[in-house]
């Protein structure tokens, strides 16, 4: 279980999260929607362990254990994965080298043997084919020269290969056309299961037409102001966020 308890967060002495509380159960897909500046991306960064932010109060628990003192790579090894809104290009780092290093690091952290070259290639090629990733993309430096949709597919490929317990998708639909959105959503849905929780952060209902959540949470002014079922996303699409922002 991923639990966020009364979380208060600042950056450069500016308060961004104001007592946010949220629980995501194993197997649950939770969506967070909210206006720009409500703190959605900040929440994803803080869970993942980005160093720029200061937690002044509250806690984040993974399976009952606080992760606030863990480094980002330790949180990843514990089962967290963040798919970025804007994946970075990393010139000079071959995609396959990156994937192999990440997968073997996770295997080591879990006490498992490293993948043989043959097993590694089979896993990557099989997952890439399902996501519509051109094999030529795997021969290039990580994300260099990729379109927005290709970068997002590469994020979902990494998520598939690393097999995390909790996936955080920070505006994965940003910059995607209709076809790319469908393919990425299919990749995400293929990972849904009783043992894996997901937090989907988005502005728009259209992503949730493809990745149907179990719960929808509305975020404003750095905290959750309302929670409900999938129908809440349709309400937001129709009426906007103004009422929730004023209430917050």
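The values are calculated or read from the model by the stated rules, or taken from the named source; none is laboratory data. Quick caveat: nothing in here was measured; it's all calculated off a predicted structure. Backbone-built Cβ (ideal geometry, glycine too); neighbour counts: all protein chains shown.
Answer yes or no: is there a residue in the stretch 143-164 that is in a helix (DSSP H, G or I) and either farther than 23 Å from residue 41 by Cα or over 18 Å from the mean Cα position of the chain (by Cα) (or both). Yes - at least one qualifying residue is present in the stretch 143-164.
Within the stretch 144-162, being touching a strand residue (DSSP E or B) at 6+ places or on another chain (Cβ under 9 Å) and either surrounded by fewer than 21 Cβ atoms within 10 Å (Cβ to Cβ) or without any contact (Cβ under 8 Å) to a residue 40 or more places away in the chain (or both) holds for 144, 158, 162. Just a yes or no: is a residue in the stretch 48-55 surrounded by fewer than 21 Cβ atoms within 10 Å (Cβ to Cβ), assigned to a helix (DSSP H, G or I) and either at pLDDT below 90 or within 15 Å of the chain's Cα centre (by Cα) (or both)? The answer is yes, given that some residue of the stretch 48-55 is surrounded by fewer than 21 Cβ atoms within 10 Å (Cβ to Cβ), assigned to a helix (DSSP H, G or I) and either at pLDDT below 90 or within 15 Å of the chain's Cα centre (by Cα) (or both). In the stretch 62-78, the residue that is nearest to residue 101 (Cα to Cα) out of those that are in a loop (DSSP other than H, G, I, E, B) and in contact (Cβ under 8 Å) with a residue 12 or more places away in the chain is 71. Residue count for the stretch 200-239, restricted to those that are at pLDDT below 85 and under 25 Å from residue 14 (Cβ atoms): 1.
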